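Novice: Structure below; questions to follow.
The values are calculated or read from the model by the stated rules, or taken from the named source; none is laboratory data. Keep in mind that this is a model prediction, so the values were computed, not measured. Cβ placement follows ideal geometry from the backbone for every residue including glycine, while neighbour counts extend to all protein chains displayed. Just the protein is used for accessible areas: all its heavy atoms, side chains included, with ligands, DNA and RNA removed. Shrake-Rupley method; radii C 1.70, N 1.55, O 1.52, S 1.80 Å.
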Amino acid sequence: MIGTVVTVGYRISANTATASWQPAVPAHLPTMISINSHNGYSVARCFMLWSLVPLITAKGNDVESPTKIRDADKPPSESQLDLREVVFVIQSQRNSFHVRQAEKLRKDLLLQTQALQESPPVILLLHTLSDNEGDWSILPLLPYLSSQFGKNSSWIMFLEEDTRVKLQKLHKVLKKIDHRKEWFLGKPLHDAESTIIHHYAFSENPAAFEYPDFSAGWALSTPLVNRLTSKIEEEPLKSDFTIDLKHEISLYIWEDGKGPRLTGVPALCTIPEHNPRAQYCATTVSSHSPLCGLPVKSDNIFVAVKTCKKFHSDRVPVVKKTWGKQASLLEYYSDYADPSIPTINLGVPNTERGHCGKTFAILRRFLSSHVPNTNWLLIVDDDTLISLPRLQALLSCYDSSEPVCLGERYGYGLGQGGYSYITGGGGMVFSREAVVQLLASGCKCYSNDAPDDMVLGMCFNALRVPVTHSPLFHQARPEDYAKEFLAHQTPISFHKHWNIDPIAVFNKWLKNDKHTEGLQKSTKDEL
């Protein structure tokens with residue numbers, strides 16, 4: 001995968017395994033996960049990578065000023081680009097709700113094409129292109145796109161399911177740029193300060209490096225796709241972490257200054273589609289949070305909080321003062337039974353990292369008679385901040401009779417047949433059916449301190465249960481994300497109490513929807 005790194009202070013365990021591939025790591029490292037063969041699954045191995053890769057750093061003066069489209073880059077005639085030369089890739093997912101969303105976007109693009117009396121462009125749904133789990137990380141997909149469209153197409157345009165496209169305006173934008181050259185187009189984001197999710201890259205000048213907001217759509221010219229494909233074929237993608245895809249793709253394309261930087265296109269927007277200023281935009285975003293019917297009732301979500309004795313006095317009170325009062329069914333799981341909270345000791349000793357044993361004990365308890373029968377399970381850390389009303393609204397879009405595993409998606413080794421997983425800090429949501437299938441498979445932890453989120457990812461990968469991504473869950477704090485990225489969201493969760501007042505963060509970002517909408521509006525007006 002892309003050159004990402006593991007940094008001190010951020011819990012990312014480099015455990016890799018599927019039944020079909022073996023990463024190049026020392027053979028003496030321990031087996032981390034097993035799947036019973038009587039269930040039809042072969043043994044999958046997971047290895048612990050303990051080495052730390054050096055941080056990506058760069059001085060501000062090592063990065064050029066933002067790329068601009070010059071007259072010399074414009075094609076001789078704006079009539080040269082036909083819509084048939086544009087390949088749209090909708091970054092779809094296999095979950096049924098997301099398939100429907102992607103299909104809506106595809107149909108809308110075709111209807112617009114008919115209205116313009118143009119020949120239709122190629123429109124691809126990413127999740128249908130292959131069985132490769134890593135396709136969502138885009139780079140493993142480039143050789144396919146190059147072989148199929150590298151000669152007869154000019155642009156590969158990537159869209160999220162919720163991106164709104166004004167096809168005629170987008171066509172005019174693309175016609176003004178010389179597609180015979182290498183271009184990487186998008187709406188630029190940059191870090192206000194160095195951030196852990198980007199491994200403190202460009203720490204001396206974080207604003208110097210720009211990466212695209214996928215919500216606005218982003219594009220690669222086919223000469224760039226073809227060259228990147230040659231690079232991938234010569235240098236196989238690393239078995240590494242995919243954490244923030246948009247940033248990591250930009251690093252890969254930039255290639256320490258040897259490749260093109262992101263070119264900002266003002267017509268690619270993330271303001272709401274009904275905003276008056278959207279008339280100047282070729283793309284916009286939906287102005288509404290996901291809601292597909294009546295929100296799921298709070299008593300149909302069982303909430304499990306993972307904690308331990310040393311955090312009973314500081315983290316648990318934050319939960320109780322903030323989002324905990326929104327829950328109808330909530331239990332605290334610890335290594336010590338404290339009746340004053342109360343906490344439940346599941347008989348699993350506390351570990352410094354991983355917590356796999358505790359998480360699997362929670363999964364078993366969820367299906368037992370000890371807790372009420374609910375359709376949904378939410379597992380969070382004791383330093384997770386979350387809005388349960390927003391989660392209830394989001395879950396109205398999902399079918400609990402399907403195996404659903406939902407949250408912020410990360411990946412490991414996706415360039416070489418790896419797996420995806422929901423990162424635990426932002427909150428992991430499971431339908432009852434997903435938990436039933438998982439435990440019935442016999443998939444289990446090798447040790448109590450194995451990384452629970454990654455082990456679960458490997459289990460679901462073996463079961464071919466899709467890991468479903470929502471950008472509304474966040475593994476880090478609000479200040480770890482670009483302001484413009486959060487401006488068009490109604491976030492569901494954040495994580496960590498490092499150097500912040502967690503109660504103030506909850507009140508600002510998660511407590512009140514009306515307050516959040518006002519915050520978003522004022523932020524957008526500043527952009």
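Novice: Apply the Karplus parameterisation 6.51 cos²θ - 1.76 cosθ + 1.60, with θ equal to phi minus 60°, to every residue of segment 407-421 and state each ³J(HN,Hα) to the nearest whole Hz, in sequence, with x for glycine and proline.
Specialist: So the J values, rounded to whole Hz, are x, 8, 8, 10, x, 9, x, 5, x, 9, x, x, 8, 9, 8.
Novice: Which entries in Lys104/Lys151; Lys176/Lys238; Lys187/Lys310; Lys187/Lys511; Lys107/Lys187 show an alpha-carbon gap greater than 32 Å? Can you show the working numbers first?
Specialist: Numbers: Lys104/Lys151 29 Å; Lys176/Lys238 36 Å; Lys187/Lys310 44 Å; Lys187/Lys511 29 Å; Lys107/Lys187 24 Å.
As for pairs spanning more than 32 Å Cα to Cα, those are Lys176/Lys238; Lys187/Lys310.
Novice: Short version: what are the Cα gyration tensor semi-axes of segment 133-174, square root of 5 times each eigenvalue, largest first, in whole Å? Could the numbers behind the result be given before it?
Specialist: Values: eigenvalues 97, 54, 6 Å².
The equivalent ellipsoid of segment 133-174 has semi-axes of 22, 16, 6 Å.
Novice: Within a Cβ distance under 11 Å of His198, other residues only, what is the Lys/Arg minus Asp/Glu net charge?
Specialist: On the way: positive: Lys246; negative: Asp191, Glu193, Asp244, Glu248, Asp480.
Neighbour charge sum, excluding His198 itself: -4.
Novice: Determine ³J(HN,Hα), in whole Hz, for all residues of segment 386-394 in sequence, where each value follows from phi through the Karplus function 6.51 cos²θ - 1.76 cosθ + 1.60 and θ = phi - 60°; x replaces Gly and Pro.
Specialist: Karplus values, whole Hz, x for Gly and Pro: 8, 9, 5, x, 5, 5, 4, 5, 4.
Novice: Could you tell me what percent of the accessible area of segment 91-226 is made up of carbon and sulfur, with a 1.4 Å probe and every protein chain present?
Specialist: Values: 2440 of 5300 Å².
The nonpolar share, carbon plus sulfur, comes to 46 percent.
Novice: Right, here's the next one. Return the Cα extents of segment 160-240 along principal axes one, two and three, sorted largest first, each rounded to a whole Å.
Specialist: Result for segment 160-240: principal-axis Cα extents of 39, 34, 25 Å.
Novice: Whole percent per 10 Å bin, from 0 to the bin with the longest distance: what is P(r) over all C-alpha pairs of segment 146-291?
Specialist: Reading upward from the zero bin: 11, 36, 36, 16, 1.
Novice: Ok, one more. Calculate how large, on average over all directions, the projected area of the Cα convex hull of segment 110-153 is; give the answer in nm² to one decimal. It would help to have the intermediate numbers written out before the result.
Specialist: Working: hull surface 15.2 nm².
If I average the Cα hull's projected area over directions, I get 3.8 nm².
Novice: After finding the eigenvalues of the alpha carbon gyration tensor for segment 115-201, what semi-axes result from the square roots of 5 times each, listed largest first in whole Å? Don't jump to the answer; show the numbers that get you there.
Specialist: Numbers: eigenvalues 135, 79, 43 Å².
Gyration-tensor ellipsoid for segment 115-201: 26, 20, 15 Å.
Novice: Give me the number: length gained by fully extending Ser147 to Ser119, i.e. 0.36 nm times residue separation minus the C-alpha to C-alpha distance, one decimal in nm.
Specialist: My answer for the length gained is 7.9 nm.
Novice: Right, next: Please list, or write none, the aspartates and glutamates whose alpha carbon is within less than 12 Å of the alpha carbon of Lys483, excluding same-chain residues fewer than 8 places away.
Specialist: Within reach: Asp191, Glu193, Asp213, Glu526.
Novice: Project the alpha carbons of segment 213-284 onto their principal axes and report the range along each, largest first, in whole Å.
Specialist: Reported extents, whole Å, longest axis first: 48, 26, 18.
Novice: So, by mean Cβ neighbours within 10 angstrom, what's the order for 357-365, 410-418, 228-236 with the highest one leading? Spell out each step's value before the answer.
Specialist: Details: 357-365: 21.2, 410-418: 24.3, 228-236: 13.6.
Taking the mean over residues of other Cβ atoms within 10 Å, the ranking is 410-418, 357-365, 228-236.
Novice: Please label the shape of segment 404-468 as rounded, prolate or oblate, based on the square roots a ≥ b ≥ c of the eigenvalues of the alpha-carbon gyration tensor (a/c under 1.5 means rounded; beyond that, a/b larger than b/c means prolate, else oblate).
Specialist: On the way: a/c = 1.24, a/b = 1.14, b/c = 1.09.
Cα axes put segment 404-468 in the rounded bin.
Novice: Can you give me the C-alpha center-to-center distance between segment 381-444 and segment 476-501, rounded to a whole angstrom?
Specialist: With segment 381-444 and segment 476-501 each reduced to a Cα centre, they are spaced 20 Å.
Novice: Moving to a separate point now. What list of ³J(HN,Hα) couplings, whole Hz, do you get for segment 202-216 from phi and the Karplus terms 6.51, -1.76, 1.60, once you set θ to phi - 60° and write x for glycine and proline?
Specialist: Values per residue, Gly and Pro as x: 6, 4, 7, 7, x, 6, 6, 10, 10, 9, x, 7, 4, 4, 8 Hz.
Novice: Which shape class applies to segment 267-355: rounded if a/c is under 1.5, otherwise prolate when a/b exceeds b/c and oblate if not, where a ≥ b ≥ c are the square roots of the Cα gyration tensor eigenvalues? Walk me through the numbers before you get to the answer.
Specialist: Values: a/c = 3.51, a/b = 2.55, b/c = 1.38.
Judged from the Cα gyration tensor, segment 267-355 comes out prolate (a/c at least 1.5, a/b above b/c).
Novice: Summing +1 for each Lys or Arg and -1 for each Asp or Glu, what net charge is found among the other residues whose Cβ lies under 15 Å from the Cβ of Pro212?
Specialist: Values: positive: Lys187, Lys246, Arg261; negative: Glu160, Asp191, Glu210, Asp213, Asp244, Glu248, Glu484.
Around Pro212, the charge tally is -4.
Novice: Which of the trypsin sites (Lys or Arg not before Pro) found in segment 287-323 are loop residues per DSSP with 16 or fewer other Cβ atoms within 10 Å of their Cβ? It would help to have the intermediate numbers written out before the result.
Specialist: Values: sites: Lys297, Lys306, Lys309, Lys310, Arg315, Lys320, Lys321; in loops: Lys297.
Sites meeting the loop and neighbour criteria: Lys297.
Novice: Accessible area per residue, 1.4 Å probe, Å², for segment 237-371: what's the number? Mind dumping the intermediate values first?
Specialist: On the way: 6020 Å² over 135 residues.
Averaged over the residues of segment 237-371, the accessible area is 45 Å².
Novice: Ok, one more. From the alpha carbon gyration tensor of segment 287-445, can you work out the equivalent ellipsoid semi-axes (sqrt of 5 times each eigenvalue) and give them in Å, largest to smallest? Walk me through the numbers before you get to the answer.
Specialist: Values: eigenvalues 110, 86, 52 Å².
The three semi-axes for segment 287-445 are 23, 21, 16 Å.
Novice: What nm distance separates the two modelled labels at Arg180 and Asp256, each placed 7 Å from Cα along Cα→Cβ?
Specialist: About 3.2 nm, to one decimal.
Novice: Looking only at Cα atoms, what is the convex hull volume of segment 223-328 per residue, in Å³? The partial results should precede the final answer.
Specialist: On the way: hull volume 27.9 nm³, N = 106.
Dividing the Cα hull volume of segment 223-328 by its residues yields 263 Å³.
Novice: Does a label point 7 Å from the Cα of Ile503, set along Cα-to-beta-carbon, have any residues of segment 314-333 with amide nitrogen under 17 Å, and which are they?
Specialist: Of the residues in segment 314-333, 314-326 have backbone N under 17 Å from the label point off Ile503.
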